[in-house]
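Structure first, then comments.
The values are calculated or read from the model by the stated rules, or taken from the named source; none is laboratory data. Worth saying up front: this structure is predicted, and the values here are computed from it rather than measured. Note that each Cβ is placed from the backbone with ideal geometry, even for glycine, and that neighbours are counted across all protein chains shown.
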Amino acid sequence: MTIEERDIAAGRRDYVNADSYRLPVDVDVLAVQPHAHYLAREIHGFATLPDGSTRELIDIKEWDFHWQDVYQLAVPLALPRGSVIAMRYTYDNSAANPKNPNKPPRRVTFGQTSASEMGSLWVQVLPHSSADLEALDRDVAPKILADDIAGDEKWLEMNPGDARLHAELGAAYFEAGRVDDALAQLREAVRLDPAPLRHYDVGRVLLQARHFSEAGAEFNQALAMKPDMPEAVYGLALVFDSLGRLDEAINAYTRALRLNLAYADAHFNLARILAAQGRSAEAIAHYEEVLKLRPDDDEAKNALARLAR
């Protein structure tokens, strides 16, 4: 867990960073990993059980930057579903903090360098079944994504000319379903750094948004700059495929495979088109390649079984 929008004013002695997460399943806690930089003074992680009782996870009264580590519990701690894991970190950005690297103190915000600040508590847990693990992953993913977005937004506020940060924020927005926001950030990344990968990123979002012509233009721009970029060729193949331009799609999928023979998705989509055209032997060969690369691909197995009848 983490809160990444922190902004600690110069001279502030008691800035508090707090966060919590309610467990959707029963787990055993195996280890904790606190992370903070020079301004952190007290690190506290704990769990509140459904009956109101608390269990300590970690409590460091005088934090030291060099104490970032994985702390394993001597005995796993059982936490039932509904328990709330919480963290409360206190920061001192005053001249009274002997570990403050800034003299005089200055405003410090979130960032991944030691001159910035962070605050996270990673908790290693063991769910009691594979189904519980899947449920936990589904439940916690939106929280992690929201924290990533908040962190990138704050970091970008301090570094507006960083194309990589714009691209990272754009990717996070896209994962969150914020397509327009994603495109705005990715296009700014292109403006700052007109590299092939930046154009590909824009094309990928446009393709998912079904703006096929615009997506094709971005993939073609990437290929004009880097003709041997298999991802952009594959993206162009998807555009042709989506528009029903199947001969062009076949050519593009084939070209992507010449650049990267281990491109399972290209094998699969090419096989699908070839099968629909009655070119069964060629389709079978490509489905077999999919299964070499992804042995557990049930969709390819079923398609291959239908063609082999």
Fill in: Test: Leu207 is at pLDDT below 95 and not charged (D, E, K, R)
no
Discussion item. Going through Arg210, Arg198, Arg191, Arg204 one at a time, which residue ends up being in the same structural domain as His286 (by TED's automatic domain parsing), of a type outside the set (Phe, Trp, Tyr) and in a loop (DSSP other than H, G, I, E, B)?
Written reply: Arg210
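Every residue, every condition in (1) among the acidic types (Asp, Glu); (2) surrounded by 14 or more Cβ atoms within 10 Å (Cβ to Cβ), yes or no:
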{"residue": "Ser53", "(1), (2)": "no, no"}
{"residue": "His66", "(1), (2)": "no, no"}
{"residue": "Asp69", "(1), (2)": "yes, no"}
{"residue": "Pro104", "(1), (2)": "no, no"}
{"residue": "Phe110", "(1), (2)": "no, yes"}
{"residue": "Ala115", "(1), (2)": "no, no"}
{"residue": "Ser130", "(1), (2)": "no, no"}
Discussion item. Every residue in region 292-309 that is without any contact (Cβ under 8 Å) to a residue 24 or more places away in the chain and within 27 Å of the chain's Cα centre (by Cα), please.
Written reply: Pro295, Asp296, Asp298
Worksheet, complete the sentence: For Leu223, the lone unmet condition from (1) farther than 30 Å from Glu188 by Cβ; (2) part of a helix (DSSP H, G or I) is (1)
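Scan region 154-163 residue by residue and report those that are out of contact with any strand residue (DSSP E or B) (no Cβ under 9 Å at 6 or more places or on another chain) and either outside any helix (DSSP H, G or I) or modelled with pLDDT under 95 (or both). Let's see the steps before the verdict.
Start the filter on region 154-163 by keeping residues that are out of contact with any strand residue (DSSP E or B) (no Cβ under 9 Å at 6 or more places or on another chain), which leaves 156, 159-163.
Residues satisfying the conditions are Leu156, Asn159, Pro160, Gly161, Asp162.
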Worksheet item: If the Cβ limit is 6 Å and pairs must be 6+ apart or interchain, which residue in region 253-269 that is within 15 Å of Ala283 (Cα to Cα) and in the same structural domain as Lys301 (by TED's automatic domain parsing) pairs with which residue that is of a type in the set (Asp, Glu) and assigned to a helix (DSSP H, G or I)?
Response: His267/Glu289
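Filter region 4-15 down to residues that are closer than 18 Å to His44 by Cβ and assigned to a strand (DSSP E or B) and give me whichever is modelled with the lowest pLDDT.
To start, the set of residues in region 4-15 that are closer than 18 Å to His44 by Cβ comprises 6, 8, 13-15.
If we keep only those that are assigned to a strand (DSSP E or B) as well, we get 8, 15.
Values: Ile8: 90, Tyr15: 94.
Across region 4-15, the extreme among qualifying residues is Ile8.
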Worksheet item: What number of residues within region 10-67 satisfy the criterion of being within 27 Å of Arg138 (Cα to Cα) and of a type in the set (A, V, I, L, M, F, W, C)?
Response: 14
Item to complete: Would you kindly identify the strands (runs of 3 or more DSSP E) lying entirely within region 16-135 that contain at least 1 residues that are free of Cβ contacts under 8 Å to residues at least 60 places away in the same chain?
Response: 40-48, 54-60, 71-79
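Answer with yes or no whether Ala47 is of a type in the set (A, V, I, L, M, F, W, C) and under 14 Å from Val84 (Cα atoms). Give the steps one after another, and end with the answer.
On the way: of a type in the set (A, V, I, L, M, F, W, C): yes; under 14 Å from Val84 (Cα atoms): yes.
Criteria met by Ala47.
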Worksheet entry | Sole exception among (1) touching a residue at least 24 places away in the same chain (Cβ under 8 Å); (2) more than 21 Å from His286 (Cβ to Cβ); (3) surrounded by 15 or more Cβ atoms within 10 Å (Cβ to Cβ) for Arg210, by number | (3)
